[in-house]
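Engineer: Submitted below is the structure of interest, expressed as structure tokens.
The values are calculated or read from the model by the stated rules, or taken from the named source; none is laboratory data. Computed from a prediction, not measured in an experiment: that's the story for all the values here. We place every Cβ from the backbone using ideal geometry, glycine too, and count neighbours over all the protein chains shown. Surface accessibility is based on the protein's heavy atoms, side chains included, excluding ligands, DNA and RNA. Shrake-Rupley method; radii C 1.70, N 1.55, O 1.52, S 1.80 Å.
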Amino acid sequence: MTPKSTPPADALQPLTAEEEAVVRALPSLLYALPRAIDAQMQREQQLSNTEYLTLMYLSEAPDRQLRMHELAGAIEMSLSGTTRIVQRLENEGFIERLRCETDGRSWHASLTDAGLARLEEAWPTNLDAIRRHFLDHLKELDLKKLAAALRNVAT
């Protein structure tokens with residue numbers, strides 16, 4: 001596959017003021033939003049947002065369990081970082097690690113009943129944080145189009 005070449009400078013369209021504003025705001029959003037949600041989760045639930053997401057993804061998985069590498073992909077962390085999160089949650093009784101029945105080298109993270117209860121307890125705080133720090137600021141936008149555009153950028 002041949003990489004695409006950059007068009008000549010005279011063929012490029014300068015950014016409009018609106019485009020420039022979006023491009024300049026994006027790094028701040030990518031930095032500030034996760035920190036704001038995490039700070040609220042820590043303050044009100046003593047649970048990081050990554051820990052919350054770990055419990056959430058496991059709650060949605062078949063049999064409430066995922067292979068460790070699948071969980072790492074879902075929470076967008078390295079396998080070693082995911083292992084540390086899982087160990088913390090396992091120490092709290094929210095997750096247990098189970099050896100994979102079909103592959104003795106692999107491990108599953110499995111959500112316990114206590115973990116599901118903890119997720120349900122933390123859910124209102126997470127919802128409030130997401131609304132307060134993100135969605136409430138997008139009320140005038142077409143969220144369906146925005147979601148599609150963000151998916152396109154991500155892929």
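Engineer: So, S110, is that one open to solvent by less than 90 Å² (accessible area, probe 1.4 Å), more than 22 Å from I130 (Cα to Cα), among the polar types (S, T, N, Q) and out of contact with any Leu (no Cβ under 8 Å at 6 or more places or on another chain) or not?
Structural biologist: Details: open to solvent by less than 90 Å² (accessible area, probe 1.4 Å): yes; more than 22 Å from I130 (Cα to Cα): yes; among the polar types (S, T, N, Q): yes; out of contact with any Leu (no Cβ under 8 Å at 6 or more places or on another chain): no.
So S110 fails the test.
Engineer: Name the pairs whose Cβ atoms lie under 6 Å apart, with the first residue in segment 17-35 and over 17 Å from L146 (Cα atoms) and polar (S, T, N, Q), the second open to solvent by less than 90 Å² (accessible area, probe 1.4 Å) and not in a helix (DSSP H, G or I), and 6 or more positions between them or separate chains?
Structural biologist: Close Cβ pairs (under 6 Å, with a partner that is open to solvent by less than 90 Å² (accessible area, probe 1.4 Å) and not in a helix (DSSP H, G or I)) do not exist here.
Engineer: Please count how many residues of segment 96-117 are basic (K, R) and part of a helix (DSSP H, G or I).
Structural biologist: Here is the first cut: in segment 96-117, the residues basic (K, R) are 97, 99, 105.
If we keep only those that are part of a helix (DSSP H, G or I) as well, we get none.
Residues that pass the stated criteria total 0.
Engineer: Being closer than 13 Å to D63 by Cβ and not polar (S, T, N, Q) is the filter; apply it to segment 99-112 and report the residue that is modelled with the lowest pLDDT. Explain how you work it out, then say what you get.
Structural biologist: Going residue by residue through segment 99-112, those that are closer than 13 Å to D63 by Cβ are 100-101, 108-112.
Within this subset, residues satisfying the condition of being not polar (S, T, N, Q) are 100-101, 108-109, 111.
Working: C100: 84, E101: 81, H108: 95, A109: 97, L111: 98.
Out of the qualifying residues, it is E101.
Engineer: Are any of the residues in segment 141-152 surrounded by 12 or more Cβ atoms within 10 Å (Cβ to Cβ), hydrophobic (A, V, I, L, M, F, W, C) and under 16 Å from V22 (Cα atoms)?
Structural biologist: Filtering segment 141-152 down to residues surrounded by 12 or more Cβ atoms within 10 Å (Cβ to Cβ) leaves none.
Looking through segment 141-152, none of the residues is surrounded by 12 or more Cβ atoms within 10 Å (Cβ to Cβ), hydrophobic (A, V, I, L, M, F, W, C) and under 16 Å from V22 (Cα atoms).
Engineer: Would you check if there is a residue in segment 118-132 being of a type in the set (D, E, K, R), exposed (fewer than 11 other Cβ atoms within 10 Å of the Cβ) and outside any strand (DSSP E or B)? Break it down stepwise before answering.
Structural biologist: Start the filter on segment 118-132 by keeping residues that are of a type in the set (D, E, K, R), which leaves 118, 120-121, 128, 131-132.
Okay, now just the ones that are also exposed (fewer than 11 other Cβ atoms within 10 Å of the Cβ), so none.
There is no residue in segment 118-132 that is of a type in the set (D, E, K, R), exposed (fewer than 11 other Cβ atoms within 10 Å of the Cβ) and outside any strand (DSSP E or B).
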